[in-house]
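K.L.:
Let me give you the structure first, and then I'll get to my questions.
The values are calculated or read from the model by the stated rules, or taken from the named source; none is laboratory data. Everything quoted here is computed from the prediction, not taken from an experiment. With ideal geometry, Cβ positions are generated from the backbone for all residues, glycine too; neighbour counts draw on all protein chains shown.
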Amino acid sequence: MQYYPVEGNFQLYVNSRVLKMTASNAWHYVVASFDGVNAKLSVDGGTPVTGTATLTWPALVTSLGDRSTGGRTFSGRLDEIRLSNVARSDAYVLTSYNNQNNANTFYSVGVEES
């Protein structure tokens, strides 16, 4: 997964398949997933861009901030990177985004019960 400033988008590469989503130069919650057949790229909890792909593994490394050719190094900050061994649902991604985007409005705590 990478951010490509020339095109102003996030890109997810799964072998020869590439998914792209346009994004501004600001903080974003970006999620990429692959379940063995379906690749998804979501920005800020929105509707993901999807596509099917076949993964050649382990011939390619997992790269964050650049693609496997190494020619586009990321210039910025990555925060709270999570890797999972399952593809998360769209609902999970949206809930995680809402929690990170504004934790104060994500939940409320009532009066303690006696």
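K.L.:
Select from segment 71-114 the residues that are surrounded by 10 or more Cβ atoms within 10 Å (Cβ to Cβ), among the hydroxyl-bearing types (Ser, Thr, Tyr) and part of a loop (DSSP other than H, G, I, E, B) and list them in ascending order.
P.N.:
Correct list: 89 only.
K.L.:
Out of (1) modelled with pLDDT under 85; (2) β-branched (Val, Ile, Thr); (3) within 17 Å of residue 20 (Cα to Cα), the odd one out for residue 105 is which?
P.N.:
The failed condition is (3).
K.L.:
Would you check if there is a residue in segment 25-33 being surrounded by 16 or more Cβ atoms within 10 Å (Cβ to Cβ), assigned to a loop (DSSP other than H, G, I, E, B), at pLDDT below 85 and aliphatic (A, V, I, L, M)?
P.N.:
No, every residue in segment 25-33 fails to be surrounded by 16 or more Cβ atoms within 10 Å (Cβ to Cβ), assigned to a loop (DSSP other than H, G, I, E, B), at pLDDT below 85 and aliphatic (A, V, I, L, M).
K.L.:
Hey, among 37, 6, which residue is hydrophobic (A, V, I, L, M, F, W, C), within 22 Å of residue 86 (Cβ to Cβ), more than 15 Å from the chain's Cα centre (by Cα) and exposed (fewer than 14 other Cβ atoms within 10 Å of the Cβ)?
P.N.:
Within the list 37, 6, the selection yields 37.
K.L.:
Another question, if that's okay. Could you grab me the full set of residues in segment 4-36 that are closer than 19 Å to residue 79 by Cα and not hydrophobic (A, V, I, L, M, F, W, C)?
P.N.:
4, 5, 9, 11, 24, 25, 28, 29, 33
K.L.:
On to the next question. Have a look at 93, 61 and point out the one that is aliphatic (A, V, I, L, M), at pLDDT 85 or above and either out of contact with any Leu (no Cβ under 6 Å at 6 or more places or on another chain) or closer than 19 Å to residue 13 by Cβ (or both).
P.N.:
93
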